[in-house]
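Here's the structure we're looking at; comments come further down.
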Amino acid sequence: AVVSTQSTGCGCVDNNFTAAVRLSDLDVIKTLDEMWVHYCNNIVVLNFVVKLISLLTQVMPLVIKMLLNNKSLLSRIIETAQKSVRFSKHPITPLRDVLFDFLCIISTSGDAVSQIWKSGFMSNFPKLEKQKAEPEKLGLWLKLVTHGTYTSFGQKMVLTIPNILDILLESPHKYNVLILVRNLVFNVKLHPKLLTHTSLIDFVLSSIVLEKPKQTVIALQVVLYFIKFSTKAKSIFRTKGAGQVLGKLELQLKNKPNEDILADLEQLLLVYN
């Protein structure tokens, strides 16, 4: 079939749209779904399907919409991902990383994040708090949840997970937790609930360490987004000793400059003081 598209001024976008439509015409998603059913116990084939569709969604984002229209394949992938973390020894376990990478990729779409949450997939993960022997599972979950918080739907849903903040603050993946918290703080409507968890404030302030610049930059951004939109947040951070923490960092930067940290610190101090 000949596909006509209007020029967008960008041939790449035009070509990707055309290619995506042709994939739709060929029922590629349906074919991959059928492959999944027929070869559900074949790790090699399932690995091929997940990696192929991951590549397609990265090259042509419109493929995500096609995938959502054919909910069968996405449901199968989510179900398989659940099995890969639910059981320590399962035939599908070797595909765990590939499956989670795929779910992270499609989480750029709010609709995809919505379907992942509505499947009940995320509700299983508080149980991982008790699985101290397998921290890599918690790491995979944290990565997926964090990708989802780049959408407003994902931000709202995170706080519906029982004891989520306690689980996050006990995680060994401190930098990743900070990124997730920063994404939540972007949503001003979540501030009241976040600010009731005082240990979260302690966690953020304790993350401001000159020796860990990337971590410190994210922590400074969290403080900034909190106090910029809430006088209550500013008061809480003052009570928790934020002034002393920021003052100490400012002095340290005079002896050991770091441009990335300094830029965020100066922006924060303009609002804090």
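The values are calculated or read from the model by the stated rules, or taken from the named source; none is laboratory data. What you see is a predicted model; the values in this text were computed from it and never measured. Every residue, glycine as well, gets a Cβ built from its backbone with ideal geometry; the counts of neighbours run over all protein chains shown. We work out accessible area using only protein heavy atoms, side chains counted, and drop any ligands, DNA or RNA first. Shrake-Rupley method; radii C 1.70, N 1.55, O 1.52, S 1.80 Å.
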Show the residue pairs that are 6+ apart or on different chains and have beta-carbon atoms under 7 Å apart, the first residue being within segment 155-181 and of a type in the set (Gly, Ala, Ser), the second being in a helix (DSSP H, G or I) and open to solvent by 10 Å² or more (accessible area, probe 1.4 Å). Ser171/Leu138
Which residue pairs have Cβ atoms closer than 6 Å, lie 6 or more positions apart in sequence or on different chains, and pair a first residue in segment 26-40 that is in a helix (DSSP H, G or I) with a second residue that is open to solvent by 20 Å² or more (accessible area, probe 1.4 Å) and of a type in the set (S, T, N, Q)? Ile29/Asn70; Asp33/Ser72
Residues to consider are Pro192, Pro162, Pro172; find the one that is in contact with a Gly (Cβ under 9 Å, 6 or more places away or on another chain), open to solvent by 70 Å² or more (accessible area, probe 1.4 Å) and not aromatic (Phe, Trp, Tyr). Pro172
For residues that are under 15 Å from Gln215 (Cβ atoms), β-branched (Val, Ile, Thr) and out of contact with any Pro (no Cβ under 7 Å at 6 or more places or on another chain), tally how many sit in segment 243-273. 1
Which of (1) under 22 Å from Leu184 (Cβ atoms); (2) modelled with pLDDT of 95 or more is the odd one out, the single condition Phe229 does not satisfy? (2)
Please go through segment 230-246 and give me each residue that is surrounded by 15 or more Cβ atoms within 10 Å (Cβ to Cβ) and outside any helix (DSSP H, G or I), ordered by number. Ser230, Lys240
Among the residues of segment 41-64 satisfying the criterion of being of a type outside the set (Phe, Trp, Tyr) and free of Cβ contacts under 8 Å to residues at least 40 places away in the same chain, which is surrounded by the fewest Cβ atoms within 10 Å (Cβ to Cβ)? Val44
Can you tell me which of Ile64, Ile53, Ile43 is at pLDDT 85 or above and either touching a Pro at 6+ places or on another chain (Cβ under 8 Å) or farther than 27 Å from Ser114 by Cα (or both)? Ile43
If you go through segment 68-111, how many residues are open to solvent by less than 10 Å² (accessible area, probe 1.4 Å) and free of Cβ contacts under 8 Å to residues at least 24 places away in the same chain? 1
Hits in segment 198-227 - residues which are aromatic (Phe, Trp, Tyr) and within 18 Å of Thr239 (Cβ to Cβ): Phe203, Phe226
Screening Leu200, Leu210, Leu249, Leu205 for residues that are under 26 Å from the mean Cα position of the chain (by Cα), more than 23 Å from Asp166 (Cα to Cα) and open to solvent by less than 40 Å² (accessible area, probe 1.4 Å) leaves only Leu210
Unmet requirement for Arg238, which otherwise passes all of (1) without any contact (Cβ under 8 Å) to a residue 12 or more places away in the chain; (2) under 19 Å from Phe186 (Cα atoms): (2)
Among (1) touching a Leu at 6+ places or on another chain (Cβ under 8 Å); (2) within 18 Å of Leu246 (Cβ to Cβ); (3) crowded, with 16+ Cβ neighbours inside 10 Å, which single condition is Val217 missing? (1)
